[in-house]
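Below is one structure; the comments refer to it alone.
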Amino acid sequence: MAEPPQGDEQLTIRTLTDEDLSAFSEVLASAFLTDSSEEFLNEERVVFEPSRSHAVFDGETMIGTGELLSRRIALPGADPVRAGAVTSIGVAPGHRRRGVLSRIMRAQLELLHETGESLAILWASEGAIYGRYGYGLGTQYARLALPRGTAFRRDVAVDPTPVRELPRERALPLVRDIYDKVWQTRAGHLDRTDTSWEYYLFDGPERRDGQTGYRFAVHPQAFAVYRTKLNWQDRGPRSTVYVHTLTATTPEAYAAILRYLLDIDLVGEVVLRLGVDEPLVHMLADPRAAVRTMFDALWVRLVDVDQALMARRFLMPLDVVLAVDDELCPWNAGRWRLLVGPDGRAEVTRTDDDADLALDVSTLGAAYLGGARLSTLAAAGRVRECHPGTLARASLAFLHDEEPRCLEVF
């Protein structure tokens, strides 16, 4: 991996304080080509962690921003761990190509290394940016568009308990309880504190894009949060339902909440953001009714290779030596023996033995949650098999029984 440019040595970087929030918000708004406003500031204030935020200054002027949210992420077969959720990355127009982003990314990785957080995660505004800093595409999501009334297969079991629409204040305690029951069961899901829930469901006009405010459909074991966009045509209403989030604790409740959404009156189409292995497609009488488009989702960075690998569980026993390239985090570079026992637990230690597989840290990040096969990455030229036969075993071991999923943009 090429060394990112170091940039202008006259620039400075420091950790922020509460008093920096206003300038932080202004730089971020400018970088994302939107207007600075009180609403934008309030949205940032909800999750602002100054002690985990950095800014680059040109003299006294703030020109670059970055923040690490304190979150926990579910891992394959293991308990959740702390992760630095990278957000609010922005460089003011007119100050780009000076190494501002590189300074922020290095500061974040060093902070996480010092605090013992072995993972960094993010959603990328542009897909070509973060591979330079060791992040790999760890999960994807699918956008599914279905006509109103799309039929299920006859054998799909639908929970008969009615789905009710509730006002936000009544729905939220139920929604949170359902989410808390399931988030730890799927690799890639994140915990949600009071502040992360507030940010995730922030409902200001700037987020609506001509749609309504959030509506809450609640079943005792499932919920959906959605918006609608009105569309009255000469032949009748063809409004669109945009599903922001959907969670269920049982297959029958999942079917019930989907059936409710697909049968809303005055609607032409229902659009959902779901995981790539979502059962919905296999529930349809006609699978072609769902038009699917794939997008990148969570990018994963191993801050400390050994600790990160030992935190997750593996699908089968394995003894493999990984030669890891990591120019930004030199403590990761070198050869590591990954020894996985029958229980899926791993020991990771430094070794002088010959490598079985050679890869860079971004490739390891892509495979970490089980969302990308090492064999697929090898076919893309990103993994080199040094000893024949080791790639197939390692590729299977890194998988999990379900695809990882993260649908929460932070």
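The residues listed here are E44, E110, E39, E114; of these, the one that is surrounded by fewer than 17 Cβ atoms within 10 Å (Cβ to Cβ) and modelled with pLDDT under 95 is E39. For A255, indicate whether it is modelled with pLDDT of 95 or more, over 20 Å from the mean Cα position of the chain (by Cα), at negative phi and not in a helix (DSSP H, G or I). Considered against the rule, which asks whether it is modelled with pLDDT of 95 or more, over 20 Å from the mean Cα position of the chain (by Cα), at negative phi and not in a helix (DSSP H, G or I), A255 comes out as no.
The set of residues in the range 190-215 being among the aromatic types (F, W, Y) and not in a helix (DSSP H, G or I) consists of F202, Y214. Just to be sure, is L369 at negative phi and without any contact (Cβ under 8 Å) to a residue 60 or more places away in the chain? No, not satisfied. Hey, does the range 133-141 have a residue that's in the same structural domain as F410 (by TED's automatic domain parsing), of a type outside the set (D, E, K, R) and assigned to a helix (DSSP H, G or I)? The answer is yes; a qualifying residue exists.
Kindly evaluate V175 against the criterion of being assigned by TED's automatic domain parsing to the domain that holds S239, of a type in the set (A, V, I, L, M, F, W, C), crowded, with 16+ Cβ neighbours inside 10 Å and not in a helix (DSSP H, G or I). Taking the combined requirement at face value, the residue does not satisfy it. Each residue in the range 68-85 was checked for being touching a residue at least 24 places away in the same chain (Cβ under 8 Å), over 17 Å from G370 (Cα atoms) and not aliphatic (A, V, I, L, M), and 4 pass. No other residue among V156, V218 is β-branched (V, I, T) and either assigned to a strand (DSSP E or B) or modelled with pLDDT under 95 (or both) apart from V218. Taking the range 347-410 and the helices (runs of 4 or more DSSP H) fully enclosed by it, the elements with 3 or more residues that are assigned by TED's automatic domain parsing to the domain that holds L75 and touching a Ser or Thr at 6+ places or on another chain (Cβ under 9 Å) are at 374-379, 390-397.
Go through the range 297-316 and report how many residues are more than 20 Å from the chain's Cα centre (by Cα) and either modelled with pLDDT under 95 or hydrophobic (A, V, I, L, M, F, W, C) (or both). Lay out the reasoning, then the answer.
Taking the range 297-316 as the starting set, the residues that turn out to be more than 20 Å from the chain's Cα centre (by Cα) are 306-307, 310, 314-316.
Now narrow it down to the ones that are either modelled with pLDDT under 95 or hydrophobic (A, V, I, L, M, F, W, C) (or both): 310, 314-316.
Count: 4.
For the range 146-160, the criterion of being in the same structural domain as V324 (by TED's automatic domain parsing), touching a residue at least 60 places away in the same chain (Cβ under 8 Å), touching a strand residue (DSSP E or B) at 6+ places or on another chain (Cβ under 7 Å) and of a type in the set (A, V, I, L, M) is met by no residue.
Taking the range 54-110 only, how many residues are in a strand (DSSP E or B) and either in contact with an Asp or Glu (Cβ under 7 Å, 6 or more places away or on another chain) or closer than 26 Å to S36 by Cβ (or both)? First the steps, then the outcome.
Narrowing the range 54-110 to residues in a strand (DSSP E or B): 54-58, 61-75, 78-91.
Now narrow it down to the ones that are either in contact with an Asp or Glu (Cβ under 7 Å, 6 or more places away or on another chain) or closer than 26 Å to S36 by Cβ (or both): 54-58, 61-72, 80, 82-91.
Number of matching residues: 28.
Scanning the range 73-104 for residues that are of a type in the set (D, E, K, R) and surrounded by fewer than 20 Cβ atoms within 10 Å (Cβ to Cβ), we see that the one that is farthest from T193 (Cα to Cα) is R97. Among the numbered conditions (1) in a strand (DSSP E or B); (2) surrounded by fewer than 17 Cβ atoms within 10 Å (Cβ to Cβ); (3) not assigned by TED's automatic domain parsing to the domain that holds L201, the only one that P342 does not meet is (1). Taking R335, is it under 25 Å from R132 (Cα atoms), in contact with a Ser or Thr (Cβ under 9 Å, 6 or more places away or on another chain) and at pLDDT 95 or above? Yes: the conditions hold for R335.
C329 meets all of the listed conditions (1) outside any loop (DSSP other than H, G, I, E, B); (2) in contact with a helix residue (DSSP H, G or I) (Cβ under 8 Å, 6 or more places away or on another chain); (3) not hydroxyl-bearing (S, T, Y) but one, namely (1).
The values are calculated or read from the model by the stated rules, or taken from the named source; none is laboratory data. Source: prediction; values computed, not measured. A quick note on method: Cβ atoms are made from the backbone with ideal geometry, for glycine too, and the neighbour counts reach across all protein chains shown.
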